[in-house]
1. Among the residues of the stretch B:39-50, is there at least one that is more than 9 Å from chain A (Cβ to nearest Cβ), part of a helix (DSSP H, G or I) and open to solvent by 70 Å² or more (accessible area, probe 1.4 Å)?
2. Scan (1) open to solvent by 70 Å² or more (accessible area, probe 1.4 Å); (2) of a type in the set (Phe, Trp, Tyr); (3) away from chain B (no Cβ under 14 Å) for the single condition A:TRP143 breaks and write down its number.
3. Considering only the stretch B:145-159, state which residues are away from every other protein chain (no Cβ under 14 Å), part of a loop (DSSP other than H, G, I, E, B) and in contact with a Ser or Thr (Cβ under 8 Å, 6 or more places away or on another chain).
4. Would you mention how many residues in the stretch A:63-103 are more than 7 Å from chain B (Cβ to nearest Cβ) and either acidic (Asp, Glu) or under 30 Å from B:VAL148 (Cβ atoms) (or both)?
5. In the stretch B:214-234, how many residues are open to solvent by 30 Å² or more (accessible area, probe 1.4 Å) and either closer than 19 Å to B:PRO161 by Cα or not in a loop (DSSP other than H, G, I, E, B) (or both)?
6. Please go through the stretch B:131-148 and give me each residue that is out of contact with any His (no Cβ under 9 Å at 6 or more places or on another chain), open to solvent by 10 Å² or more (accessible area, probe 1.4 Å) and within 11 Å of B:SER180 (Cα to Cα), ordered by number.
7. If you scan the stretch A:119-132, which residues turn out to be surrounded by fewer than 16 Cβ atoms within 10 Å (Cβ to Cβ) and in a helix (DSSP H, G or I)?
8. Residue under question is B:TYR166, and the condition is that it be more than 12 Å from every other protein chain (Cβ to nearest Cβ) and either part of a strand (DSSP E or B) or within 30 Å of A:LEU67 (Cα to Cα) (or both); does it hold?
Amino acid sequence: MNSPSSLLRFVLSIILAMCLRIAPWQEPLTAYNPDWILLTVIYWSLASPERRGIFTGLAVGILTDVLTGRMLGLHALTYSLAAFFSLKLHKRLRQYPLPQQGLFIMLCLFCSQFLTFWLENLHAPLRFQASFWLPVLTGTVCWPLVYSFLRVVRLHNRSR
Amino acid sequence: MSCFCSQRHFAINPLFATGPSLNTRLLVAVLLSLTLLITEHRGTRLESARAALSLLVYPIHNLVDTPIHLISSSVETVMNMHKLKEENEKLKQDELIYKTQLLKFAALERENIRLRALLEKSFKLGEQVLVAELLSVNLAPYEHVVLVNKGSRFGVHPEQPVLDAYGVVGQIIRALPFSSEVMLITDPSHAIPVQVNRNGLRTIAVGSGQINRIKLPFLPNNSDIKKGDLLITSGLGGAFPQGYPVAVVDEINYQPNKPFAEIFATPKAQLNKSRELLIVWSNREPVPLFSQETPEISIEPNHE
């Protein structure tokens, strides 16, 4: 069931998401850069819940922590929680049209961002900025794009 | 309705029944990440694990950096011959000027050591530096932390100061095997002890979160500071060596109803432009009092 090609597709999509996450956008755009990795994790939890689950989220989260220099366990926590809710609700969410899925995605992104901000603030107080919530909005807007792209990645040439 | 359907579907698919339940798995994952967070919060015990994991992540950093680096270097290659010649000539002239200045500097340094010996004070020799290149990646949008391509394999360690050709850039906050993270002086959680070059007034400069601004929040309204004053590192605190330019004061707002004035300065270092940075080793022993030996030339490039 867990064919190497499906694993390869998953790993490549995560690497792409990580590249987008740390890409050096121009100054006004950096604040809008959505959490591509979380979107990818949610997609794979919705699309193949029998293979990618909570521990996938955990592993990807730990790598993201190292990638972006956060405290170890920060993204691991938020990503595994997001994977959990996606797994719980995947059957219902798959029936929903994309805009309605967007609401769930927005909630996930918001919770993840809130948790990240709160935990980092506990560790080392940082000043609150309104721009901190921008990735939640752009992430929601980008969801249909991510969804259709990863759908192509997942299903392309699958029949062979 | 849809709920019932999914329940039935759930029963049919046998794969879900295998292994621990979803809730158990969530519990394990959450406990694991909380343990990691708490260990990280308490101290630096996880640094070796992070160093090992960074080997997995390092190719991704390079994957993002390489195309950008290639584009900028190919633009340089395409630049026409005439321009290159001109630039070369200018650089040669500059080098000549700097070399003569350095000659004078060596003499001045020796004189300074003699004078300090008279005053019975020790004198620190110049620092050892390592040139590191910036990786074009963006770690977090709300922090001013950048990644450079030299790490603990080159002996880089946390709390080392980082400079560029114009002034202080920041300090190393984490050294990984092949790269290290540098916090810029403009980061909101960064503070650097400085003094006004004109009169030696000491204070602390705190990052503002804007890339071209730092602020001096701890100076009273009547302190002797003017627009255009150069701030240099004071050497207090031990992290930054004394005497490097940090910023130029450019805005002073007196606040009669508050104990401290609102003072802003622009960093001298080209924080959003320079690609080559210097990592400094400043922990050399000070020259002992009344030393007889002659000091060596101070700046030793420690290239790979």
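The values are calculated or read from the model by the stated rules, or taken from the named source; none is laboratory data. Treat the numbers as computed from the prediction; the structure is a model and nothing was measured. Here the Cβ is made from the backbone with ideal geometry for all residues, glycine too, and neighbour counts use every protein chain on show. Heavy atoms of the whole protein, side chains included, go into the accessibility calculation; ligands, DNA and RNA do not. Shrake-Rupley method; radii C 1.70, N 1.55, O 1.52, S 1.80 Å.
1. Step one: list which residues in the stretch B:39-50 are more than 9 Å from chain A (Cβ to nearest Cβ), which gives B:42-45, B:47-48.
Okay, now just the ones that are also part of a helix (DSSP H, G or I), so B:42, B:47-48.
Then drop every residue that is not open to solvent by 70 Å² or more (accessible area, probe 1.4 Å), which leaves B:42, B:48.
Yes.
2. (1) is the only condition that A:TRP143 fails.
3. Taking the stretch B:145-159 as the starting set, the residues that turn out to be away from every other protein chain (no Cβ under 14 Å) are B:149-150, B:152-157, B:159.
Restricting the remaining residues to those that are part of a loop (DSSP other than H, G, I, E, B) gives B:149-150, B:155-157, B:159.
If the condition is that a residue be away from every other protein chain (no Cβ under 14 Å), part of a loop (DSSP other than H, G, I, E, B) and in contact with a Ser or Thr (Cβ under 8 Å, 6 or more places away or on another chain), then B:ASN149, B:LYS150, B:VAL156 are the ones that fit.
4. 6
5. 3
6. If we filter the stretch B:131-148 for residues that are out of contact with any His (no Cβ under 9 Å at 6 or more places or on another chain), which is where we start, we get B:132, B:134, B:138-143, B:145-146, B:148.
In the following step, the residues that additionally are open to solvent by 10 Å² or more (accessible area, probe 1.4 Å) were identified as B:134, B:138, B:141-143, B:145-146.
If the condition is that a residue be out of contact with any His (no Cβ under 9 Å at 6 or more places or on another chain), open to solvent by 10 Å² or more (accessible area, probe 1.4 Å) and within 11 Å of B:SER180 (Cα to Cα), then B:LEU134, B:VAL145, B:VAL146 are the ones that fit.
7. Of everything in the stretch A:119-132, those that are surrounded by fewer than 16 Cβ atoms within 10 Å (Cβ to Cβ) and in a helix (DSSP H, G or I) turn out to be A:ASN121, A:LEU122, A:HIS123, A:ALA130, A:SER131.
8. Working: more than 12 Å from every other protein chain (Cβ to nearest Cβ): yes; either part of a strand (DSSP E or B) or within 30 Å of A:LEU67 (Cα to Cα) (or both): yes.
Considered against the rule, which asks whether it is more than 12 Å from every other protein chain (Cβ to nearest Cβ) and either part of a strand (DSSP E or B) or within 30 Å of A:LEU67 (Cα to Cα) (or both), B:TYR166 comes out as yes.
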